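Below: the structure, in structure tokens.
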Amino acid sequence: MYFILELAFSSNKSYIGNLIRAYAQQEEMEVDVLQTSDKIIMTFKKEDEKLEKFLLGLEEILPASLFLGKGRHYFSEEKPALMPVSKTDLPVNIAPCPTCQKEMFDVSSRRYYYPFTSCNHCGSQHPFITKYPYTRLNSTMKFLVPCADCKEEMRSNALRIDYPLISCIACGIAIRMLDKENEYIALDKGDYRKLFEVCGGALADGKTVLMKTAHGYRKFFNPNSHKVAIKKISFTSQSAENTLSKNPKIELAGSNEHVALSTLLMASVSGFNEHLMMVEQEFNALLSIERPLLRVATKSDEIKAVYGSSVLVKYPDDGMTMLLARAVINMGLDYISYFDVDANEDADFLVDFDMPINTQKDTKVFINQDTKLFISGERILYPALVQGNKNRVTVAHDLACVKVDNKSIIDSIEVFDSVDTDEIYVLENEDFQSGHQNEHHFEQYKASMMSVLAEHYKVGQKAIGVHFDGTLNFLYYNGKTVINAVPAIPFESDNLWEKIRTLREGSDRLVGNYKKAYPEVWERLDNLEGNMDIFEVTAITLGLEDESFEGISSEALSFLGKGGLQIDTRVKDNRFDNYAFITSIMSYQLGDVPNNFMCYSIYESFGDYIGEIVPQLADKVGTKNVVLTGETFANQSLYARIQRTVGQYNPMMNKNFPIGKENAVHGALYL
Ligand SMILES: [Zn+2]
Ligand SMILES: [Zn+2]
């Protein structure tokens, strides 16, 4: 008789399964740990008296994870027979696990306040990797020799058996702090702690701290401190009468960026509830060991005053940031903010270390009830092990899929050595020359659609696709190749007024009225460069602070009403017409429709349009397979509308890869 515990786990990442194995080894517990494509299964002997204690301990050492779902347990006469996923230990880039965190705050440990504390199953590993295979010699830590205690741990500590990047304060990476006059180098435990405390105090004082983290340089500041952080206040005005209703734009000293565009770093768990409006799934995602970026609605007045209706939020995601957050809490603050910057950014204090690091683009997630999508980024998802039968290298967005020891790994191009390959597939416009005689170029939408089909085991079956990444395209996959069946009418933002004027009868009158009502916006739109997308132009038209797709999304979030305006999306052949769209928005604007209502309606109208075209195409080609790709889908209003209009098809989206750009390197394997 066996006792079987199953944990839903929607990823082929091995760090959770391996952590369970290591913990079992430490506790001398007999258990089979098996990972399939969607769960981790533990099989115990039922009569083992250590079982209860083991399960309680497991709760303590297992981190929360984006990929972990519900658990269930049962008794069985036989061991479960299932197909395990193939695994390779790839360097992770996540937060420290609960055991490592405990060490960082235990004054008796060799890693008290040591920011690079990690084990085989957690922490910042990828930033130190220079190439594959993953060994210490292939990392920037190769010149640091582990001390005797660390060497001993590599044999005796179950969580750090043969851990390639093992280090501690005695043998690891030294950090130092500089202000305009002094340099302070941390040498022992007390120094490490003091360094972070000084930073916390500086932030509470309204000073800025530039810190090198495992994810690159971050400039931290207190967004509520007007003493130092704010250099000048300017007003954006569309017209004289609404100037006063606009928020002042706040600029950070030494930076042109606006505070409202910074990321909010929530230092204390209790701060989430006090300052933000979140559902349980959002809370769980932010606190998961993967620590993604998530846009959430604001709640407290102080956060609203800085960020408006929504904010991009992060819980500390590496040792440096985590220790800083602890110091910030000790100063009585719930949160601080940061910008990703480079090493030359000006700040009151600099915290630095000499080890070169290899940074990854941070990953944003989107959550709608129980659906979780990765919008964009590299961290958390890459490196990834994928199935690849062909001898093919793919390259897109600085990522490559390359065979290493007969396993296909997707990771940043620079960590791979040159390899022999039959063919190479490179994304169009990618800045990459292979010199290979069999080099092919492919379009983003084709690879994105193939990535989703591959994840859902539908390669070879007919399907309809909608690719929405700034522009909206309807695709058809005939089982062999992806065709752009209803392409968007190309949009060029230069000479915009001329294009609007000639759109249809009466358009020239609108242009005249608009110029009278919004002379400054008119002027700006008259001088646009040709390469802006429709969402940037829309945001400028509406005078939004954040002149991008995200600005419109966050404005839409603040609309709490029901039912939208019908925004015109097309003029001829059912194709999406950007000029008709922007013209329609301008006429509503002249009719004094509030911005948030308009932004909400924009997504509703897109949802309706997609809901009309998809069934037509699906009927025409005889398929029920519908694929959605592109970052624009990561929007609450649009996502909800799409569920209503095409929900009956159960549209397929990426599960283990980002829904937008970074799925292309995977999809290209199937072109
Ligand atoms: Zn750990
Ligand atoms: Zn050591």
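General remarks:
- Remark: Lys131 matches the filter, which requires a residue to be away from ligand 1 (no atom under 16 Å from the Cβ), of a type outside the set (S, T, N, Q) and in contact with a helix residue (DSSP H, G or I) (Cβ under 8 Å, 6 or more places away or on another chain).
- Matching residues, segment 107-120, being more than 11 Å from ligand 1 (Cβ to nearest atom) and closer than 18 Å to Asn157 by Cβ: Ser108, Ser109, Arg110, Tyr112, Tyr114, Phe116
Per-residue answers, yes or no, for (1) farther than 30 Å from Gly190 by Cα; (2) within 23 Å of the chain's Cα centre (by Cα); (3) buried (at least 22 other Cβ atoms within 10 Å of the Cβ); (4) modelled with pLDDT under 95:
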site: Tyr23; (1), (2), (3), (4): yes, no, yes, no
site: Lys45; (1), (2), (3), (4): yes, no, no, yes
site: Ile61; (1), (2), (3), (4): no, no, no, no
site: Pro80; (1), (2), (3), (4): yes, no, no, yes
site: Val92; (1), (2), (3), (4): no, yes, yes, no
site: Phe116; (1), (2), (3), (4): no, yes, yes, no
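- Those residues of segment 380-427 which are buried (at least 22 other Cβ atoms within 10 Å of the Cβ) and at positive phi, in sequence order: Ile380
- Restricted to segment 66-106, and to residues there that are charged (D, E, K, R) and within 16 Å of ligand 1 (Cβ to nearest atom), the residue that is nearest to Asp362 (Cα to Cα) is Asp89.
- Qualifying residue in segment 174-183 (condition: assigned to a helix (DSSP H, G or I) and in contact with a strand residue (DSSP E or B) (Cβ under 9 Å, 6 or more places away or on another chain)): no
- Each residue in segment 296-351 was checked for being in contact with a strand residue (DSSP E or B) (Cβ under 6 Å, 6 or more places away or on another chain), aliphatic (A, V, I, L, M) and not in a helix (DSSP H, G or I), and 11 of them qualify.
- Considering segment 459-503, and only residues there that are surrounded by fewer than 15 Cβ atoms within 10 Å (Cβ to Cβ) and charged (D, E, K, R), the residue that is farthest from the chain's Cα centre (by Cα) turns out to be Glu498.
- Being at pLDDT 90 or above, in a helix (DSSP H, G or I) and over 24 Å from the mean Cα position of the chain (by Cα) is a description that applies to Ala618.
- All conditions but one from (1) assigned to a loop (DSSP other than H, G, I, E, B); (2) within 16 Å of ligand 1 (Cβ to nearest atom) apply to Leu19; the one that does not is (1).
- Residues of segment 140-156 that turn out to be more than 16 Å from ligand 1 (Cβ to nearest atom), of a type outside the set (Asp, Glu) and not in a loop (DSSP other than H, G, I, E, B), as a count: 7
- When Gly172, Gly190, Gly206 are checked against the criterion of being at pLDDT below 95 and closer than 16 Å to Ser109 by Cα, a single residue qualifies: Gly190.
Here's the yes/no breakdown for (1) within 16 Å of ligand 2 (Cβ to nearest atom); (2) crowded, with 21+ Cβ neighbours inside 10 Å; (3) polar (S, T, N, Q):
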residue: Ser76; (1), (2), (3): no, no, yes
residue: Lys87; (1), (2), (3): no, no, no
residue: Pro98; (1), (2), (3): no, no, no
residue: Phe128; (1), (2), (3): yes, yes, no
residue: Ser156; (1), (2), (3): yes, no, yes
residue: Leu159; (1), (2), (3): yes, yes, no
residue: Ser167; (1), (2), (3): yes, yes, yes
residue: Ile173; (1), (2), (3): yes, no, no
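- Annotation: of all residues in segment 25-43 being crowded, with 16+ Cβ neighbours inside 10 Å and β-branched (Val, Ile, Thr), the one that is nearest to the chain's Cα centre (by Cα) is Ile40.
The values are calculated or read from the model by the stated rules, or taken from the named source; none is laboratory data. Model, not experiment: these values are computed from the prediction. Note that each Cβ is placed from the backbone with ideal geometry, even for glycine, and that neighbours are counted across all protein chains shown.
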